[in-house]
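Reading through the structure tokens given below for one structure.
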Amino acid sequence: MNSWKWTWRTTAVLSALSALLLAVGFGYGARELIFPRPNLVNADAAADAPLTERAPSTDDGSYRIVAIGDSLAKGTGDTTGQGFARRAAALLDQSGDREVRFLNNLGINGMTTQELLTELDEPGVRYVLKEANVILLSIGANDLFQGGAALQTSAEAPDANALEAALPAASERLGEALDQLRSINPAARIIYLGLYNPFGDIESLRDEGDLGITEWNAKASAQIAEGENMVLTPTFDLFERDPGAYLSSDHFHPNSAGYERIAQRIVQGLQ
């Protein structure tokens with residue numbers, strides 16, 4: 001009789017423990033569904049690497065990197081898919097000075113300054129940006145060039161007026177975006193990539209493109225100088241002498257070599 005009592009008591013205890021473990025597991029799973037964590041991958045991981053631990057919001061001495069903006073931020077044209085953001089993270093990781101965490105790439109093909117302002121209101125985007133201490137921003141080329149249309153009605157008839165007309169309002173929106181980024185994350189280092197002229201090797205487009213880009217970069221530099229912990233990383237000179245060597249087949253985005261040059265320039269400014 002006593003053996004039966006002990007058997008039932010043991011069974012009851014084990015059942016209770018199993019129920020407790022099941023409840024804890026269910027609670028943890030529910031929390032992950034309601035409060036998902038951002039995409040976090042190590043700098044040397046592949047673009048489709050699985051999610052890892054949540055990045056700390058406090059300064060732990062590591063680089064916590066987020067890229068945001070247009071197709072350059074996304075890495076369009078890079079056959080490896082890394083773009084300047086992941087390449088910069090990999091270069092920083094190779095230096096061994098700090099741990100490097102690439103949190104997320106929020107770049108979107110075709111994004112304009114107006115669309116960036118809208119994206120910065122998204123709660124998920126703001127959440128990721130708050131976790132970073134390095135924010136890489138590329139924006140403005142689509143406002144000015146519209147894929148090249150702002151510079152030309154045809155290869156023989158450049159329309160400089162379209163570029164000139166687009167510049168003031170786009171520049172003002174860039175300032176608003178920089179202010180909003182600083183409001184979202186007061187402590188992060190914001191690195192804005194200056195624009196380059198992708199049509200520098202096309203004679204009918206070179207001069208007008210250079211003038212427009214120079215004016216844009218000057219305005220952006222002045223806006224960034226007024227902010228705190230912001231820097232403009234120039235790219236104009238990287239593509240000026242031989243654009244074709246560093247542009248992808250669409251003659252607009254960098255190729256892998258072009259993105260590597262941009263990444264090296266970013267890292268030089270951080271170290």
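The values are calculated or read from the model by the stated rules, or taken from the named source; none is laboratory data. Remember, it's a predicted structure, so these values are computed and weren't measured experimentally. For neighbour counting, all protein chains shown are included, and Cβ atoms are generated from backbone atoms with ideal geometry for every residue, glycine included. With ligands, DNA and RNA removed, areas are computed over all heavy atoms of the protein, side chains included. Shrake-Rupley method; radii C 1.70, N 1.55, O 1.52, S 1.80 Å.
Across the stretch 258-271, coupling constants 3J(HN,Hα) worked out from phi with the 6.51/-1.76/1.60 Karplus curve, θ = phi - 60°, read x, 5, 5, 5, 5, 4, 4, 5, 4, 5, 4, x, 8, 8 Hz, and Gly and Pro carry x.
Using θ = phi - 60° in the Karplus curve 6.51 cos²θ - 1.76 cosθ + 1.60, the 3J(HN,Hα) couplings for the stretch 63-79 round to 8, 10, 10, 10, 10, 8, x, 9, 5, 5, 4, 5, x, 4, x, 8, 5 Hz; x is entered for Gly and Pro.
For the stretch 153-244, applying the loop criterion from DSSP together with a ceiling of 11 other beta carbons within 10 Å to the trypsin sites (Lys or Arg not before Pro) yields ARG241.
With the Cα gyration tensor of the stretch 79-150 giving a ≥ b ≥ c as the square roots of its eigenvalues, does the rule (a/c under 1.5 for rounded; else a/b larger than b/c for prolate; else oblate) give rounded, prolate or oblate?
Numbers: a/c = 2.91, a/b = 1.46, b/c = 2.00.
Oblate, because a/c is 1.5 or more while a/b does not exceed b/c.
In Å², what does the accessible area per residue of the stretch 63-270 work out to with a 1.4 Å probe?
41 Å²
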